[in-house]
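Visitor: This structure is in structure tokens; I'll ask about it shortly.
The values are calculated or read from the model by the stated rules, or taken from the named source; none is laboratory data. Since the model is a prediction, treat every value here as computed from it, not as a measurement. Note that each Cβ is placed from the backbone with ideal geometry, even for glycine, and that neighbours are counted across all protein chains shown.
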Number of protein chains: 2
Amino acid sequence: MNDSAPAKSNAPQRRGRLSPDKRKSQILDAAQALFFAKGWEAVTIADVLAEVGISKGGFYHHFIAKEDLLDGVVNRFTTRALDAADAARGQTDGDALAQFNEFLAESNRWKIEQAKQLRFFLDAMLRPGNELLSYRISNTVADATRPVLRKILVDGVGEGTFDIPDVDLVSETILNLSHGRRETLEAVIRTAEAGDLDAATALLTERMSAEGVLIDRLLGLERGSVALSQSEEYRLMLRAMTQG
Amino acid sequence: MNDSAPAKSNAPQRRGRLSPDKRKSQILDAAQALFFAKGWEAVTIADVLAEVGISKGGFYHHFIAKEDLLDGVVNRFTTRALDAADAARGQTDGDALAQFNEFLAESNRWKIEQAKQLRFFLDAMLRPGNELLSYRISNTVADATRPVLRKILVDGVGEGTFDIPDVDLVSETILNLSHGRRETLEAVIRTAEAGDLDAATALLTERMSAEGVLIDRLLGLERGSVALSQSEEYRLMLRAMTQG
DNA sequence: AGATAACATACCGGCGGTCGGTTTGTAACT
DNA sequence: AGTTACAAACCGACCGCCGGTATGTTATCT
């Protein structure tokens, strides 16, 4: 009956069925790659569908909107940073300064491990039209890091190690340093990719040393207390970033 | 010939013709109001057209894309801040600290004048879905202010008034303080609107005092050198904001 | 008068999102 | 084991609308 309708005809193309977790992360993988390559606004759902080899219905079964993709990508990436921060939180031996320096070292270690991925991220964040992605990532990372940093500062004030006028304002300020760091990193990466690893290392070390001195003041410490001018670490990080 | 086509028929509705400047600012007025009310992404070109009472062709005669509206609104608003900053730059009498304090005072004076408009801006910037607008405004204002601030700091170092490890990093850090200030302002405005002007003033003064102390350290000054805890000024500003 | 700026209107391609239906895994029941 | 029942995974056609364009029309200026 009612075969006047354009024949239901061919069966839908089967492309395999996966568990929700697998599919979701598969979709996020594709979305992440596309966002980094083309920018958030320029990527369409159709692009993602084509990349994954899935249909629109399938996609919207797992995500309720395009925005979900952004959240998904951002959260998945920053969750690892959160874990690293939590790991650092565990080590409570030493005074607050030691803890703080350990915190910074852990942060750097994480960056070295993630160097290649981080490089893509930086590229993506500096790409015009990707301001929203950049904004979200910064905020998410800062939100994840803030409590850890804050606790260290509070401990330090309690010990008498630090002399801080306003703990919240100072943590915020330290976190905000990452904003400007991006510009430096851009130049550093370009230099490193041009082959001049020494110059790149010097540039990055200079920036981080300046941050260190600034933080020294914020925490009421003597100049040089905060260990943020680890040339060798940066060299390793840059080598890892530019290789591959 | 070729009158098989559906008769050109009725003449276009004339709705008045304006000079480009008038129309542009008229369109920007409408766009600004809509952006603040609904958020950048939620506002369509059609919304703006309806508000102004103009056609699509008219709109695209003055703006090449929707993005242009964002830039237009942001630039028009921040230009005034730039002008105020330039005015402050003109007064070169007194040492760098005096100049710096004058710079801050000028900034506050501008805020008082623009208080009502600023209030809408803050509302808009805190509105979810308006991250892009917020991001752009912050950047534009910072870009406009940076050179002025930087010059004062350089002068201060030259005079020996300031002791600054890295002028660029310190200016950046001072500029970055505005990010966190938004959250405070949100709370302050709510308190003020609840009728408790005293509490609101106290809250704002506390934040600004903390910023002042922090800047003292950044500039290598004695605590209290930077005049950022002007309760009376803040009270005036808040009164202006909540009135009307 | 004619050139040009300031519009208007119809239209387009494509996007995010929806919907009704179909397939497939799974587990309970016989 | 075989059958059945149900929900989850998935498909693809479709929709409304949005940003943007093409082309025609009127006002203004020289």
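Visitor: Is it the case, given these coordinates, that A:Lys66 is surrounded by 13 or more Cβ atoms within 10 Å (Cβ to Cβ), within 8 Å of DNA strand C (Cβ to nearest atom) and either of a type outside the set (S, T, N, Q) or over 26 Å from B:Pro128 (Cα atoms) (or both)? Working first, answer last.
Guide: On the way: surrounded by 13 or more Cβ atoms within 10 Å (Cβ to Cβ): yes; within 8 Å of DNA strand C (Cβ to nearest atom): yes; either of a type outside the set (S, T, N, Q) or over 26 Å from B:Pro128 (Cα atoms) (or both): yes.
Here the answer is yes, as A:Lys66 does meet what is asked.
Visitor: Taking the stretch B:127-142, which residues are in contact (Cβ under 8 Å) with a residue 24 or more places away in the chain and of a type outside the set (Ser, Thr, Tyr)?
Guide: Result: B:Arg127, B:Pro128, B:Gly129, B:Asn130, B:Leu132, B:Leu133, B:Arg136, B:Ile137, B:Val141, B:Ala142.
Visitor: Turning to a different aspect of this structure: State all residues of the stretch B:159-168 that are in contact (Cβ under 8 Å) with a residue 60 or more places away in the chain and either surrounded by fewer than 18 Cβ atoms within 10 Å (Cβ to Cβ) or facing chain A (nearest Cβ under 10 Å) (or both); if no residue qualifies, say none.
Guide: First, the residues of the stretch B:159-168 that are in contact (Cβ under 8 Å) with a residue 60 or more places away in the chain: B:159, B:161-162.
Result: B:Glu159, single match.
Visitor: Also, I was wondering about something else. Output the residue which, of all residues in the stretch A:28-48 that are within 14 Å of another protein chain (Cβ to nearest Cβ) and among the small types (Gly, Ala, Ser), is farthest from DNA strand C (Cβ to nearest atom). Talk me through it step by step, then tell me what you get.
Guide: To start, the set of residues in the stretch A:28-48 that are within 14 Å of another protein chain (Cβ to nearest Cβ) comprises A:39-42.
Next, only the ones that are among the small types (Gly, Ala, Ser) stay: A:39, A:42.
On the way: A:Gly39: 12, A:Ala42: 9 Å.
Checked the stretch A:28-48; the qualifying residue farthest from DNA strand C (Cβ to nearest atom) is A:Gly39.
Visitor: While we're looking at this one, here's another question. Would you mind finding the one in B:Gly58, B:Gly72 that is within 16 Å of DNA strand C (Cβ to nearest atom) and out of contact with any helix residue (DSSP H, G or I) (no Cβ under 7 Å at 6 or more places or on another chain)? Break it down stepwise before answering.
Guide: Working: B:Gly72 fails: out of contact with any helix residue (DSSP H, G or I) (no Cβ under 7 Å at 6 or more places or on another chain).
Of B:Gly58, B:Gly72, the one residue that is within 16 Å of DNA strand C (Cβ to nearest atom) and out of contact with any helix residue (DSSP H, G or I) (no Cβ under 7 Å at 6 or more places or on another chain) is B:Gly58.
Visitor: Moving on. Residues that are buried (at least 17 other Cβ atoms within 10 Å of the Cβ), of a type in the set (Lys, Arg) and either within 9 Å of chain A (Cβ to nearest Cβ) or within 18 Å of the chain's Cα centre (by Cα) (or both): does the stretch B:132-151 have at least one?
Guide: Scanning the stretch B:132-151, I find at least one residue that is buried (at least 17 other Cβ atoms within 10 Å of the Cβ), of a type in the set (Lys, Arg) and either within 9 Å of chain A (Cβ to nearest Cβ) or within 18 Å of the chain's Cα centre (by Cα) (or both), so the answer is yes.
Listed here are the residues, each with its yes/no results for (1) closer than 23 Å to B:Ser134 by Cβ; (2) part of a helix (DSSP H, G or I); (3) more than 11 Å from DNA strand D (Cβ to nearest atom).
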site	(1), (2), (3)
B:Lys24	no, yes, yes
B:Phe36	yes, yes, yes
B:Ala42	yes, no, no
B:Val48	yes, yes, no
B:Gly58	no, yes, no
B:Leu70	yes, yes, no
B:Arg76	yes, yes, yes
B:Thr79	yes, yes, yes
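Visitor: For the stretch A:228-241, does any single residue satisfy the condition of being free of Cβ contacts under 8 Å to residues at least 60 places away in the same chain, of a type in the set (Gly, Ala, Ser) and either under 28 Å from B:Glu183 (Cβ atoms) or buried (at least 20 other Cβ atoms within 10 Å of the Cβ) (or both)?
Guide: Within the stretch A:228-241 (the criterion being free of Cβ contacts under 8 Å to residues at least 60 places away in the same chain, of a type in the set (Gly, Ala, Ser) and either under 28 Å from B:Glu183 (Cβ atoms) or buried (at least 20 other Cβ atoms within 10 Å of the Cβ) (or both)), the answer is no, since none of the residues qualifies.
Visitor: Looking at (1) surrounded by fewer than 17 Cβ atoms within 10 Å (Cβ to Cβ); (2) away from DNA strand C (no atom under 13 Å from the Cβ); (3) more than 14 Å from chain A (Cβ to nearest Cβ), which is the only condition B:Glu51 fails?
Guide: The one condition B:Glu51 does not meet is (2).
Visitor: Please specify each residue of the stretch B:107-131 satisfying the condition of being within 14 Å of chain A (Cβ to nearest Cβ), in a helix (DSSP H, G or I) and surrounded by 17 or more Cβ atoms within 10 Å (Cβ to Cβ).
Guide: Answer for the stretch B:107-131, where residues must be within 14 Å of chain A (Cβ to nearest Cβ), in a helix (DSSP H, G or I) and surrounded by 17 or more Cβ atoms within 10 Å (Cβ to Cβ): B:Met125, B:Glu131.
Visitor: A further question on this structure: Residues to consider are B:Leu204, B:Leu175; find the one that is surrounded by 20 or more Cβ atoms within 10 Å (Cβ to Cβ), free of Cβ contacts under 8 Å to residues at least 40 places away in the same chain and more than 20 Å from A:Ile215 (Cα to Cα).
Guide: On the way: B:Leu175 fails: more than 20 Å from A:Ile215 (Cα to Cα).
Result: B:Leu204 is the single residue among B:Leu204, B:Leu175 that is surrounded by 20 or more Cβ atoms within 10 Å (Cβ to Cβ), free of Cβ contacts under 8 Å to residues at least 40 places away in the same chain and more than 20 Å from A:Ile215 (Cα to Cα).
Visitor: From the list B:Ala194, B:Ala210, B:Ala199, B:Ala187, pick out the single residue that is without any contact (Cβ under 8 Å) to a residue 24 or more places away in the chain, within 14 Å of chain A (Cβ to nearest Cβ) and surrounded by fewer than 16 Cβ atoms within 10 Å (Cβ to Cβ).
Guide: Values: B:Ala194 fails: within 14 Å of chain A (Cβ to nearest Cβ); B:Ala210 fails: surrounded by fewer than 16 Cβ atoms within 10 Å (Cβ to Cβ); B:Ala199 fails: within 14 Å of chain A (Cβ to nearest Cβ).
Just one listed residue meets the conditions, B:Ala187.
Visitor: Looking for whichever is within 11 Å of another protein chain (Cβ to nearest Cβ) and modelled with pLDDT of 95 or more here; the options are A:Ser178, A:Ser171. Which one fits?
Guide: Result: A:Ser171 is the single residue among A:Ser178, A:Ser171 that is within 11 Å of another protein chain (Cβ to nearest Cβ) and modelled with pLDDT of 95 or more.
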